[in-house]
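For reference, the structure discussed in these notes is given below.
The values are calculated or read from the model by the stated rules, or taken from the named source; none is laboratory data. Values in this document were obtained by computation on a predicted structure and should not be read as measured data. With ideal geometry, Cβ positions are generated from the backbone for all residues, glycine too; neighbour counts draw on all protein chains shown. Just the protein is used for accessible areas: all its heavy atoms, side chains included, with ligands, DNA and RNA removed. Shrake-Rupley method; radii C 1.70, N 1.55, O 1.52, S 1.80 Å.
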Amino acid sequence: MPFITADLCDEFCDDNCDDIQVVGTCMKSYGGRTKIHGEVVTLKLFEDNQLVRDQVNSNGKDSKGNGKVLVIDAGASMNRAVLGDMLAAKAVENGWNGVIINGCIRDSVEMSTMELGVKALGTHPLKTVKAGVGQTNIRVSFLGLTINAGDYLYADEDGMIVSPKQLV
């Protein structure tokens with residue numbers, strides 16, 4: 001599905017942008033895909049990536065990803081990485097289109113070769129704990145965006161757009 005966020009803004013954002021939320025390039029791109037789009041699944045956690053593992057792993061019957069985007073509010077932690085190359089590979093295998101992280105990733109060189117869009121605040125080599133503490137499919141807010149499970153996200157080199165409805 002080809003799109004350019006600037007063109008989507010031109011089409012869907014009047015003078016006031018009531019129907020969509022837009023943010024510039026506040027995050028760095030780490031995955032092999034530069035464009036990310038799809039229906040959103042949200043996680044809220046802090047320095048614990050067990051819920052990330054649960055989301056990207058298949059249950060054996062079907063692929064949970066189905067072209068969706070996993071949006072993780074990791075509390076903007078710059079102390080531990082919530083996504084590494086092994087979980088990113090599972091996300092690719094199970095059909096996720098992308099992962100947006102308000103926090104850090106690790107294994108950035110390996111991740112850059114994968115067919116997955118990944119945007120995060122930065123990198124950190126330290127992995128997280130795995131206690132399973134956090135919440136799934138709730139409203140998250142960061143970078144001036146408020147994102148709900150079921151919203152649609154579009155991201156490219158120029159920024160991100162969040163919409164309650166599919167735009168393309």
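When the residues of segment 117-168 are filtered to those that are of a type in the set (Gly, Ala, Ser) and open to solvent by less than 30 Å² (accessible area, probe 1.4 Å), which remaining residue is farthest from residue 17 (Cα to Cα)?
122
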Check: Scanning segment 1-50 for residues that are touching a helix residue (DSSP H, G or I) at 6+ places or on another chain (Cβ under 8 Å) and assigned to a strand (DSSP E or B), which turns out surrounded by the most Cβ atoms within 10 Å (Cβ to Cβ)?
Finding: 43
Margin query: With the requirement that a residue be part of a helix (DSSP H, G or I), open to solvent by 10 Å² or more (accessible area, probe 1.4 Å) and in contact (Cβ under 8 Å) with a residue 60 or more places away in the chain, what does segment 63-116 give you?
Written below: 108
